[in-house]
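Visitor: Sharing a structure here in structure tokens format.
The values are calculated or read from the model by the stated rules, or taken from the named source; none is laboratory data. Since the structure is predicted, the reported quantities are computational estimates derived from the model, not experimental observations. In this analysis, Cβ positions are derived from the backbone assuming ideal geometry, glycine residues included, and neighbour counts consider all displayed protein chains. Remember, those area values only see protein heavy atoms, side chains included, never the ligands or the DNA or RNA. Shrake-Rupley method; radii C 1.70, N 1.55, O 1.52, S 1.80 Å.
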Amino acid sequence: IPTREQVRSELRFLRSLAYYYLIDCFGKGPILRETDPTDAGPQDEASRVELYNFVVSELLEIEDKLPSRIGYGRANKHVVRMLLPKMYLNSEVYTGVPRYDKALEYSQKVIDEGGYQLATSFVSIFSGDNDISDAKNEIIYALIADPFVSQSYGNTTYLVNGSLSSD
């Protein structure tokens, strides 16, 4: 049974992941914290550097609060360690300071300690049963898309629109 701290850490990871996309796509945006009053209205925009520092500090703080294994489609320690190298690889663009050594350090942690390995069949990664096949050993963070848990048109809309040309 997950502890309150573990659930909060998973939620903080999801927020960090959303901020990663915000930083990468738009370069700025508001930082919202649990301590902010709910009726405060719109927050001031934070710079790309402020967002970067916030996300990295969040990830470093929750890294050891999550278990190594938790379940399919859930954020664990290695999922956090997967997002950190993405942040560090882009650090020079986001902040002007390269951090390739940190990107290598956290990538190596995922490789050495994560227990992940390549699936025997590439197709199995994209199959509906990738949660029970050997593909689950390759997938670091699964976005669950099945007819039982996540019923929506979001995934198919993305796939269809992703194949359309803008020309």
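Visitor: Give me a count of the residues in the range 22-48 that are open to solvent by 90 Å² or more (accessible area, probe 1.4 Å) and either among the small types (Gly, Ala, Ser) or part of a loop (DSSP other than H, G, I, E, B) (or both).
Guide: Here the count works out to 8.
Visitor: Okay, moving on. Taking the range 1-14, which residues are in contact with a helix residue (DSSP H, G or I) (Cβ under 7 Å, 6 or more places away or on another chain) and surrounded by 16 or more Cβ atoms within 10 Å (Cβ to Cβ)?
Guide: Across the range 1-14, the qualifying residues are Gln6, Ser9, Arg12, Phe13.
Visitor: Sticking with this structure for a sec: Within the range 94-124, track down each residue that is among the hydrophobic types (A, V, I, L, M, F, W, C), open to solvent by 40 Å² or more (accessible area, probe 1.4 Å) and either modelled with pLDDT of 95 or more or touching a Pro at 6+ places or on another chain (Cβ under 6 Å) (or both).
Guide: Result: Val97, Leu104.
To keep it simple, each residue is scored yes or no on (1) under 18 Å from the mean Cα position of the chain (by Cα); (2) within 23 Å of Val7 (Cβ to Cβ); (3) among the hydrophobic types (A, V, I, L, M, F, W, C).
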residue: His78; (1), (2), (3): yes, yes, no
residue: Met82; (1), (2), (3): yes, yes, yes
residue: Pro85; (1), (2), (3): yes, no, no
residue: Ser91; (1), (2), (3): yes, no, no
residue: Tyr94; (1), (2), (3): yes, no, no
residue: Val97; (1), (2), (3): no, no, yes
residue: Tyr100; (1), (2), (3): no, no, no
residue: Asp112; (1), (2), (3): no, no, no
residue: Thr120; (1), (2), (3): no, no, no
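Visitor: Looking at the range 54-66, which of its residues are in contact (Cβ under 8 Å) with a residue 12 or more places away in the chain, open to solvent by less than 80 Å² (accessible area, probe 1.4 Å) and not basic (Lys, Arg)?
Guide: Once the filter is applied, which keeps residues that are in contact (Cβ under 8 Å) with a residue 12 or more places away in the chain, open to solvent by less than 80 Å² (accessible area, probe 1.4 Å) and not basic (Lys, Arg), the range 54-66 yields Phe54, Val55, Val56, Glu58, Leu59, Leu60, Ile62, Glu63, Leu66.
Visitor: Additional query: Taking the conditions exactly as written (part of a loop (DSSP other than H, G, I, E, B) and either closer than 17 Å to Gln6 by Cα or not small (Gly, Ala, Ser) (or both)), does Arg74 satisfy them or not?
Guide: yes
Visitor: If I filter the range 71-93 down to residues being open to solvent by 50 Å² or more (accessible area, probe 1.4 Å) and out of contact with any helix residue (DSSP H, G or I) (no Cβ under 6 Å at 6 or more places or on another chain), which single residue comes out as modelled with the lowest pLDDT?
Guide: Tyr72
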